[in-house]
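The structure appears right after this line, and notes come after that.
The values are calculated or read from the model by the stated rules, or taken from the named source; none is laboratory data. Here the structure is a predicted model, which is why all the values come from computation and not from measurement. Here the Cβ positions follow ideal geometry from the backbone for every residue, glycine too, while neighbour counts run over all protein chains shown. Surface areas here come from the heavy atoms of the whole protein model, side chains and all, with no ligands, DNA or RNA. Shrake-Rupley method; radii C 1.70, N 1.55, O 1.52, S 1.80 Å.
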Amino acid sequence: MYFIKTPSWLKKVYGGYIWDIPVREKKIFLTFDDGPHPVATPFVLEQLKHYNARATFFCIGKNVQAEPALYQQLFEEGHRVGNHTHNHLNGWRTDTHIYLDNILQASNVINTDLFRPPYGRITRKQGYLLRQKHFRIIMWDVLSGDFDQSLAPEKCLANVVRKTTPGSIIVFHDSQKAFNNLQYVLPKALEQLSAAGFTFEAIA
């Protein structure tokens, strides 16, 4: 069970986190979790280039170590990066000291003040301590569901196109697990949202 569109009450309960970005124009913020991946990430970059789109990639530290050239390509093509822990840890199931150490380990290879908790799962104490270390915790307004292998690609596309509004932070995954849905959804979402007048920005 997961929300496609994050409800307003949840955003209020966790008001210290960033769920969307207030804008006046029709700007939206595409984000990609779990990379860099040797197949999925180049595919994403190619699609973004067609629409002069900028995005934010929440990278796993160990994946950055495995794909340093691909990680560098993100910057060369005008994108932004965020920290997604070193080993994709679930904050609810991880001791706070271990969790923070893992994030700081990732910081050795990912220089950013943006952080997104894997699975969106982070305790209040973990969140408080991260903000004390000047991290901004980036959540989302629209969850594509591309990781859900029981979800038809057409439904995944509908999730994104129908729920997106100006200022939405949208989650995709440049990962092996999500790639089947991503291959179908991302080009069509970029096409349809662009035709609707949206532009695609990285999180500043």
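Mind putting together the pair-distance distribution for the chain? All Cα pairs, 10 Å bins, whole percent per bin, short to long.
Calculated over all Cα pairs of the chain, the distribution is 9, 38, 39, 14, 0 percent.
To the nearest 10 square angstrom, what accessible area does R54 show with a 1.4 Å probe?
Around 80 Å² of this residue is reachable by solvent.
In bins 5 Å wide, starting from 0, what share of all Cα pairs of the stretch 51-126 does each bin hold, as a percent?
Reading the bins upward from 0: 3, 17, 27, 23, 14, 9, 5, 1, 0.
Say R0 is 25 Å: what FRET efficiency, to the nearest 0.05, do Q149 and Y119 get from their beta-carbon distance?
Numbers: r = 16 Å, r/R0 = 0.63.
Step by step, r from the Cβ atoms, then E = 0.95.
Need the C-alpha centroid separation for the stretch 80-148 versus the stretch 19-48, integer Å.
17
Divide by every residue of the chain the summed helix terms, -39500 (n - 2.57) for each DSSP H run of at least 4, and state the resulting mean residue ellipticity at 222 nm, rounded to the nearest 500 deg cm²/dmol. Write out the running numbers ahead of the final one.
On the way: 8 runs with 81 residues, N = 204.
My calculation for the chain gives -11500 deg cm²/dmol from helical runs alone.
Hey, which lysines would be in cross-link range of K5, C-alpha to C-alpha under 23 Å, not counting anything within fewer than 8 residues on its own chain?
K26, K27, K155, K163, K177, K188
Using the Cα atoms as the points, what is the convex hull volume per residue of the stretch 128-204 in Å³?
For the stretch 128-204, the hull spanned by Cα atoms encloses 114 Å³ per residue.
Taking springs between alpha-carbon atoms closer than 10 angstrom, which of K155, K12, K26 fluctuates most in the Gaussian network model of the chain?
K12
Sequence-distant or interchain residues sharing an amide H contact under 5 Å with F32, placed H: which?
Those qualifying (amide H under 5 Å, at least 5 residues apart or on another chain) are T56, F57, F58, F172.
Just to be sure I follow: if Rg is taken over the C-alpha atoms of the stretch 1-55 and Rh is the Kirkwood radius over the same atoms, what is Rg/Rh? Kindly include the intermediate steps, with their values, before the conclusion.
Working: Rg = 14.7 Å, Rh = 14.0 Å.
Here Rg/Rh amounts to 1.05.
Considering only protein heavy atoms, what per residue accessible area in square angstrom results for the chain with a 1.4 angstrom probe? Can you show the working numbers first?
Values: 9730 Å² over 204 residues.
For the chain, the per-residue accessible area is 48 Å².
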